[in-house]
Amino acid sequence: MTTISQALAPGQLTSGRLPRATIPVFLVAASLLGFALAVLFAGGNLALAALLAYLLYLIAIEVAARIVEGSRQAADRRASNLIVGAFALALIPLGSVTWSAISKGMARFDVDYFTMSMRNVVGPGGGALHAITGTLFVTGAAAAISVPIGLLAAIYLAEYGAGKRLAKAITFFVDVMTGVPSIVAGLFAYALMTLIIGPNNGFGLSGSVALSVLMIPVVVRSSEELLRLVPNELREASYALGVPKWLTITRVVLPTAVSGIISGVILAIARVIGETAPLLVAAGFTASMNNNLFANPMMTLPVYVYDSYQHPGVDVQVYLDRAWAGALTLILIVMLLNLIGRLIARRFAPKTGH
Amino acid sequence: MSKRIEITDLNVYYGSFRAVEDVTMTIAPKSVTAFIGPSGCGKSTFLRTLNRMHEVIPGARVEGEVLLDGENLYGPGVDPVRVRRQVGMVFQRPNPFPTMSIKENVLAGINLNNRRMPSSAKDELAEHALRGANLWEEVKNRMNLPGSGLSGGQQQRLCIARAIAMEPEVLLMDEPCSALDPISTLAIEDLMNELKEKYTIVIVTHNMQQAARVSDVTAFFNIAGTGAPGRLIESGPTDKIFSAPDVKATEDYISGRFG
Ligand SMILES: Nc1ncnc2c1ncn2[C@@H]1O[C@H](COP(=O)(O)OP(=O)(O)OP(=O)(O)O)[C@@H](O)[C@H]1O
Ligand SMILES: [Mg+2]
């Protein structure tokens, strides 16, 4: 009886709670104090002010929470504040890059930019149409090469390879391939194409091959992981219905994993679409449109940005503006890809709930 | 239609671990055979050797003979896919396909095997199978919603419907009612009684009353201790096993006395 009445005694389940207003008040106070200290001692360095404000806020909350709420809640608040701090830190470069690309890229984000190539353009004007189409062609072909190869390899590893020597060897070489420097991939593609068709100045498909070398390991790894996540019970359910293994894989396992696999492929594309070095070597450089993957150099956006920045003409600003607009376009393409990937993934995701 | 299963000197291994030792028994056609025994004694393992599901697990293997109407399941050249089309299975845990609707789940055996069938016949088959599993009334208005949105017990009945839609010769059920309420359990038991007119049925159960109610033959499995293989202690007509078993251990297990 005593234990029950003790457990029910008022106050056993409640504890002190910091008032809601504490957090904003502390935040403002810490910011002001941090800024004041930075002005006094460091000439108003903003980064230092933010850091000081954050540290002051951490200490203030720690002390207040310990006094009012007890040590467990204080630890909880400390951990959350540290996590939020790390998150904010990670967002700074992202926000900064986005902001630079947008603010500097808008100068040339005009109709001309998306309708003209650089053919016969020396001074202002011109555009990046040849680089945009080139990037789409080269990356599209790279995806067309890598996705089937990567997916089939992943299916072999996850569904057939268990414990086999060949599977272990493939896993090893895929891991090695993940670490291949991108310039090596470019040189490989260039050398391979030189062996096959003789000396050349680079062409689209050669660039695609170089990108594939970088993309295949990413596709294999992510797809394999996702196939392994499919519960064995589903495979067994299918086998027990007298469904052969290959139909089980194509009709049960792949559909269950497909949304994740698509996300993995999109990530792999995003990973290679900004590659510069291998494309410079393998796909070459041109100022003109080229819609033929199999002959003549093909311009791509990263190479375009690199070239505008590195080899400006007389009016430097014109070239810099074009470079930033190219960077912005590249970011937008990747964002669009992510968006499309999400839509497709949602369309195929395993259905749950009602 | 229904087939006899004869098992001789069957040993079942997971890698080097022998899970089931020297089982010899005959499972009669057009009857319900119940496997009972303590947890971990190899009932599921043994059941899975009857439609070659055991070999799906890496490192698992089988020694001995399983004859399905005289044909050895483990003979050379036997295609496990053909075996499984004749010997259906319901698993201990419900496993509906998450990418498929309720209707697609029931018809999975037809669809996944690319078997052609007019859509009206498919609808009829789905309804028949769902009625058999006592699920029709609950799902008839949401046949196109995902199967994974059902409750656990409903999912299990969905899996039963999926298995009987294939109209197998033999139906293996691993604790099909362990997640079900008494009403659905009775419905499944009625279904077994109805199915045994045409098929051979084997169930694993921890519910003694259920074994007594539905089965014609009961087989008792036991293990000597941890790490020891499971053995068939005795099998015989359910009446006899439950009233006057030959072995003391059987009586102890059935009446709830151990040790
Ligand atoms: N995949 C596996 N790999 C290795 N050992 C296994 C595997 N599955 C089961 N075993 C072992 O085989 C033995 C028999 O297991 P089984 O699942 O057949 O028992 P069971 O009689 O069905 O038990 P329960 O009544 O709890 O379902 C156990 O010792 C178990 O640990
Ligand atoms: Mg079991």
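The values are calculated or read from the model by the stated rules, or taken from the named source; none is laboratory data. Keep in mind that this is a model prediction, so the values were computed, not measured. Cβ coordinates were reconstructed from backbone atoms using ideal geometry, including for glycine residues, and neighbour counts include every protein chain displayed. These area figures cover heavy atoms from the full protein model, side chains too; ligands, DNA and RNA do not enter into them. Shrake-Rupley method; radii C 1.70, N 1.55, O 1.52, S 1.80 Å.
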query = Under 5 Å between amide H atoms, partner at least 5 residues away or on a different chain: which partners does residue B:19 have, H built in plane at 1.01 Å?
reply = B:12, B:13, B:14
Other protein chain Cβ atoms within 10 Å, averaged over every residue that makes up B:107-116 = 4
task = Return an integer: the convex hull volume of the alpha-carbon atoms of segment B:103-228, in Å³ per residue.
result = 143 Å³
message = Report the rotationally averaged projected area of segment A:244-354 based on its alpha-carbon convex hull, in square nanometres.
response = 10.6 nm²
query = aspartates and glutamates near residue A:168 by alpha-carbon distance under 19 Å, same-chain residues fewer than 8 away left out - which ones?
reply = A:159, A:224, A:225
ask   = Once phi is turned into θ = phi - 60°, what whole-Hz ³J(HN,Hα) does the Karplus curve with 6.51, -1.76 and 1.60 give for every residue of segment A:99-110, x standing for Gly and Pro?
value = 5, 4, 4, 5, 5, 8, x, 5, 3, 10, 7, 10
query = Can you give the convex hull volume per residue for the Cα atoms of segment A:115-347, as a whole number of Å³?
reply = 131 Å³
request  = Give the calculated FRET efficiency between residue A:102 and residue B:117 to the nearest 0.05, with a Förster radius of 60 Å applied to their Cβ-Cβ distance.
outcome  = 0.55
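Need one value for A:241-252: mean number of C-beta atoms belonging to other chains within 10 Å of its residues' C-beta atoms.
Mean number of neighbouring Cβ atoms from other chains: 6.
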note = Computed over chain A: longest principal axis from alpha-carbon atoms vs helix A:129-155 long axis, angle to nearest 10 degrees, is 70 degrees
request  = Provide the FRET efficiency to the nearest 0.05 for the residue B:30-residue B:131 pair, computing r from the beta carbons and using R0 = 25 Å.
outcome  = 0.70
Across B:3/B:140; A:245/B:30; B:140/B:198; B:30/B:240; B:3/B:43, pairs whose alpha-carbon gap is larger than 24 Å = B:3/B:140; A:245/B:30; B:140/B:198
query = Could you state the principal axis extents of the C-alpha atoms in segment A:145-259, from the largest down, to the nearest angstrom?
reply = 57, 24, 23
ask   = GNM on chain A, C-alpha springs below 10 Å: top fluctuator among A:92, A:149, A:340?
value = A:92
Farthest positive-ward along the protein assembly as shown dipole, Cα basis, beta-carbon charges - from A:157, B:68, B:19 = A:157
inquiry  = Can you tell me the orientation of helix A:254-273 relative to chain A, as the angle in degrees between its alpha-carbon axis and the longest Cα principal axis, to the nearest 10?
reply    = 70 degrees
note = Reduced to Cα centres, the span from segment B:151-185 to segment A:145-199 in Å works out to 45 Å
inquiry  = Quick check: pseudo-label points 7 Å beyond the Cα along Cα→Cβ at residue A:340 and residue A:69, how many nm apart are they?
reply    = 4.6 nm
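Taking the inverse of the average 1/r across all pairs of different Cα atoms in the protein assembly as shown, what Kirkwood radius in Å do you get?
About 30.3 Å, per the Kirkwood formula over Cα pairs.
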note = If R0 = 41 Å, then residue A:14 and residue B:142, at their Cβ-Cβ distance, give a FRET efficiency to the nearest 0.05 of 0.40
request  = Please report, in whole Å, how far the alpha carbons of segment A:17-104 spread along each principal axis, starting with the longest.
outcome  = 50, 29, 18
ask   = How far, in degrees from 0 to 90, does helix A:204-229 lean away from the longest principal axis of the Cα atoms of chain A, to the nearest 10?
value = 40 degrees
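Over all residues in A:39-50, what is the mean tally of Cβ atoms on other chains that come within 10 Å of each residue's Cβ?
Average per residue, whole number: 0.
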request  = Report, for chain B, the % of DSSP beta bridges that are antiparallel, rounded to 5.
outcome  = 55 percent
request  = Kindly provide the helix-only [θ] at 222 nm of chain A, computed as the sum of -39,500 (n - 2.57) over DSSP H runs of four or more divided by all residues, to the nearest 500 deg cm²/dmol?
outcome  = -24500 deg cm²/dmol
remark   = Over segment A:229-311, with neighbouring protein chains present, the accessible area per residue in Å² at probe 1.4 Å is 37 Å²
inquiry  = From the Cα trace of chain B, what convex hull volume per residue do you get, rounded to a whole Å³?
reply    = 131 Å³
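Using the Cα centre as the reference, give the magnitude of the dipole from point charges on the C-beta atoms of segment A:17-104 (Lys, Arg: +1; Asp, Glu: -1; all else neutral), rounded to the nearest 20 debye.
Dipole of segment A:17-104, to the nearest 20 debye: 140 debye.
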request  = If a/c stays under 1.5 just call it rounded; otherwise compare a/b with b/c (prolate if a/b is bigger, oblate if not). Do that for segment B:56-103, with a ≥ b ≥ c from the square roots of the Cα gyration tensor eigenvalues.
outcome  = prolate
ask   = What accessible area, summed over both chains, is buried at the A-B interface (1.4 Å probe, Å², nearest 100)?
value = 2300 Å²
key: Cα→Cβ-extended label distance, 7 Å offset, between residue A:120 and residue A:225, nm   = 5.1 nm
note = Taking protein heavy atoms only, a 1.4 Å probe, and rounding to whole percent, the accessible area of the protein assembly as shown owed to carbon and sulfur comes out at 63 percent
message = Report, to one decimal in Å, the Kirkwood hydrodynamic radius for segment B:1-82 based on all distinct Cα pairs.
response = 13.2 Å
inquiry  = For chain B, set up a GNM with springs between Cα atoms under 10 Å and report which of B:207, B:113, B:134 has the largest fluctuation.
reply    = B:113
note = The simple spin-label model distance between residue A:22 and residue B:71, using points 7 Å out along Cα→Cβ, in nm, is 7.5 nm
inquiry  = Under 10 Å, Cα contacts only: if you run a Gaussian network model on chain B, which one of B:241, B:110, B:164 comes out with the highest mean-square fluctuation?
reply    = B:110
